1. If the Cβ limit is 9 Å and pairs must be 6+ apart or interchain, which residue in segment 24-44 that is in contact (Cβ under 8 Å) with a residue 40 or more places away in the chain pairs with which residue that is surrounded by fewer than 12 Cβ atoms within 10 Å (Cβ to Cβ) and assigned to a helix (DSSP H, G or I)?
2. Can you list residue pairs whose Cβ atoms sit under 6 Å apart, with the first residue in segment 47-74 being more than 16 Å from Leu85 (Cβ to Cβ) and the second being at pLDDT below 80? Count only pairs 6 or more apart in sequence or on different chains.
3. Give the residue that is farthest from Met75 (Cα to Cα), with candidates limited to residues of segment 16-31 that are surrounded by fewer than 11 Cβ atoms within 10 Å (Cβ to Cβ) and not aliphatic (A, V, I, L, M).
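The values are calculated or read from the model by the stated rules, or taken from the named source; none is laboratory data. In this text the structure is predicted, and so the values were computed from the model without any measurement. Cβ sites come from the backbone with ideal geometry, for glycine too, and all protein chains shown count toward neighbours.
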Amino acid sequence: MVSFQPDKTLGTIKEQLAAIAPTMEQLWQQKEERIKEFSDVELQIQKICGEITGDLNPDQTESGSFAVDESDLSMKKLDEYQSQLLELQREKVTLLYHQRMYRLVKN
């Protein structure tokens with residue numbers, strides 16, 4: 001976490017703003033990276049849900065742009081999404097396995 005406390009003795013407001021500008025830029029960049037991480041995970045979740053249910057909409061999953069709720073970009077929330085994704089991936093593998101076994105038994 002980056003923190004910066006402007007000091008009134010450092011000069012004018014312009015000088016203080018110039019001093020914190022690099023830190024602010026770094027924070028904005030980190031926020032954009034986190035939003036992309038959330039968007040990527042949400043895209044994968046939507047794609048796997050569509051594959052499992054058969055409701056896959058190629059236009060929706062290929063665009064790769066989801067409205068990310070920016071009110072909670074915490075690592076805890078990202079971990080929750082990643083856990084959900086992992087569970088869906090396991091479910092998909094299990095379903096594919098059962099489909100293959102059914103086909104083998106059927107033939």
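1. Final answer for the pair search is Arg34/Met75.
2. Filtered contacts from segment 47-74: no entries.
3. Quick first cut of segment 16-31, residues surrounded by fewer than 11 Cβ atoms within 10 Å (Cβ to Cβ) only: 21, 25, 28-29.
Next, only the ones that are not aliphatic (A, V, I, L, M) stay: 25, 28-29.
Values: Glu25: 20, Trp28: 16, Gln29: 16 Å.
So, considering only residues that are surrounded by fewer than 11 Cβ atoms within 10 Å (Cβ to Cβ) and not aliphatic (A, V, I, L, M), the one farthest from Met75 (Cα to Cα) is Glu25.
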